[in-house]
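Have a look at the structure below before the remarks.
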Amino acid sequence: MQIMTENKKTSLTGIKPTNLPHIGNYLGAIRPALRMAGEYKTLYFIADYHALTSIHDAAKMRQHVHDVAASWLACGLDPNETILFRQSDIPEVFELAWVFACLFNVGHLERSHAYKDAIAKGAEANVGLFNYPLLMAADIVLYGTDEVPVGKDQQQHIEIARDVATRLNHRFGEGTVVVPKARITEAPLVPGTDGQKMSKSLGNTIPLFDPPKRLRKAVMGIKTSSEDLEAPKEPKGSTVFELYQLIASPGDTDVLAEKLRAGGYGWGHAKGDLYEALEAEIAPMREKFEDLRNEADVLDDILDSGAAKARVIANRTMRRVRDAIGISPARHGGKKTVRIK
Ligand code: ADP
Ligand code: TRP
């Protein structure tokens, strides 16, 4: 009889410890990723070495790593079911990133949207930022990932991971590594308070774990059109309604749409509804987050035990890759067998 877990596909995603998560991260990545637990074998990690492309402050880095770990746990990650770990605990990721760097042309990386956008916004053009997609490809491929739940902004990065994994297989043997694919989530582009994509760098975020007063203030600050209170309003296309749809039940969403279309219901009222719906979902998580974020030892224990499990998978992949590329002694007549002590 086959063991079920062995048939499960692998889902993996990472979040950079650059700040506290916002509603876009939650709806676009964290919540959909957590919903995959059970059906998939899940590995979720804190991309601390990716954050080093922009965070050059040790105390901030440490705090953000704990904050992201606490966020995953507060949002419902069960460490007995999902492997939660720090990217930096598995240094094999750099080895694989180097292998990929030797298979990928500079020109492809120069065309990366994320790199071009970051430079356009004034980010320092460090080599880490340039190599970012290859480290991300290694993050994904190292753990035999089938699907990567992410927002739409990460789609090009996943394409690069697919591309480089396919090249490795073509060049060194089909089946050496798993070729991953993106799973663009049900909330691919959560709008921010100004209607553009919610993003830390645009200053238009609704923070996930801020106290209720600040949450309300951010919601009340969402830009809307300026019809009279009495005027019938089209819900579709408005940021308030789009966010409400992602958080409220389908029934409640229909009710709000009807009220807006009927007239006599202002955007201020709709924002009140959105705040209530957000608060109902977030309040229990916020409490958990506040309890957890300063429990450094508890968080480190969870991350250490996640790393131990992740390492086993990473080593398996690297043995196959080293054998395939010829960076290993050809023992046993060149057979792909490696002795472990
Ligand atoms: P930011 O763009 O604010 O810097 P990150 O790059 O840290 O956020 O994103 C972490 C995860 O959250 C990624 O999977 C990303 O695709 C997702 N994400 C971020 N912003 C949004 C958004 N507005 N809508 C949907 N998903 C998002
Ligand atoms: N680049 C992702 C972001 O900015 C973070 C990340 C790093 C990631 N490695 C990953 C996401 C691997 C998915 C899979 O949000």
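The values are calculated or read from the model by the stated rules, or taken from the named source; none is laboratory data. Being a predicted model, the structure only gives us computed values, none of them experimental. Positions of Cβ are generated from backbone atoms using ideal geometry, with glycine treated the same way; all protein chains shown enter the neighbour counts. Remember, those area values only see protein heavy atoms, side chains included, never the ligands or the DNA or RNA. Shrake-Rupley method; radii C 1.70, N 1.55, O 1.52, S 1.80 Å.
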(Q) What percent of all Cα-Cα pairs in the range 209-291 falls into each 10 Å bin, going from 0 up to the bin containing the maximum distance? (A) 18, 49, 26, 7, 1
Q) What distance in nm separates the simple spin-label points at S328 and N126, each placed 7 Å from Cα in the Cβ direction? A) 3.3
Q. Can you tell which of V127, G221, G266 lies farthest toward the positive end of the dipole of the chain, using +1 and -1 charges on the Cβ of basic and acidic side chains (Lys, Arg; Asp, Glu)?
A. V127
**Q.** FRET efficiency estimate (nearest 0.05) - Cβ-Cβ, A262 to S199, R0 35 angstrom
**A.** 0.55
Q: Along each of the three principal axes of the Cα atoms of the range 149-281, give the extent in whole Å, ordering the values from largest to smallest.
A: 67, 29, 25
Q: Compute, for E230, the solvent-accessible surface of its heavy atoms (probe 1.4 Å) with the complete set of protein chains present, and express it in square angstrom to the nearest 10.
A: 130
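Just to confirm, what accessible area per residue do you get for the chain at 1.4 Å probe, in whole Å²?
50
Of the cross-linked pairs K197/K309; K9/K288; K213/K259; K60/K197, which ones have a Cα-Cα span greater than 32 Å in the structure shown? Please list the in-between numbers first.
Values: K197/K309 35 Å; K9/K288 30 Å; K213/K259 26 Å; K60/K197 25 Å.
Result: K197/K309 exceed 32 Å.
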Q) Given a 1.4 Å probe and every protein chain left where it sits, what share in percent of the accessible area of the range 80-214 is carbon and sulfur? A) 52
Q | Separation of the V255 and E276 label points, Cα + 7 Å toward Cβ, nm | A | 0.7
Q: Could you size up the charge dipole of the range 209-291 around its Cα centre, putting +1 on the beta carbon of Lys and Arg and -1 on that of Asp and Glu, and report it in debye to the nearest 20?
A: 280
Q. Among A47, A277, M36, whose Cα lies farthest out toward the positive end of the dipole of the chain, if unit charges sit on the beta carbon of Lys, Arg (+1) and Asp, Glu (-1)?
A. A47
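Does the chain come out rounded, prolate or oblate, given a ≥ b ≥ c as the square roots of the eigenvalues of its C-alpha gyration tensor, rounded meaning a/c under 1.5 and, failing that, prolate meaning a/b above b/c?
It comes out prolate by the Cα gyration axes.
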Q) Dipole of the chain, Cα-centred, from +1 at each Lys and Arg C-beta and -1 at each Asp and Glu C-beta, to the nearest 20 debye? A) 1440
Q: On the full set of protein chains, 1.4 Å probe, figure out the accessible area of F94 and give it in Å² to the nearest 10.
A: 80
(Q) Can you list which of the DSSP-assigned H helices in the chain have a Cα extent of 15 Å or more along the long axis and an average Kyte-Doolittle score of at least 0.5? (A) 127-141
**Q.** Helical contribution to [θ] at 222 nm, DSSP H n ≥ 4, -39,500 (n - 2.57), averaged over the chain, rounded to 500
**A.** -16000 deg cm²/dmol
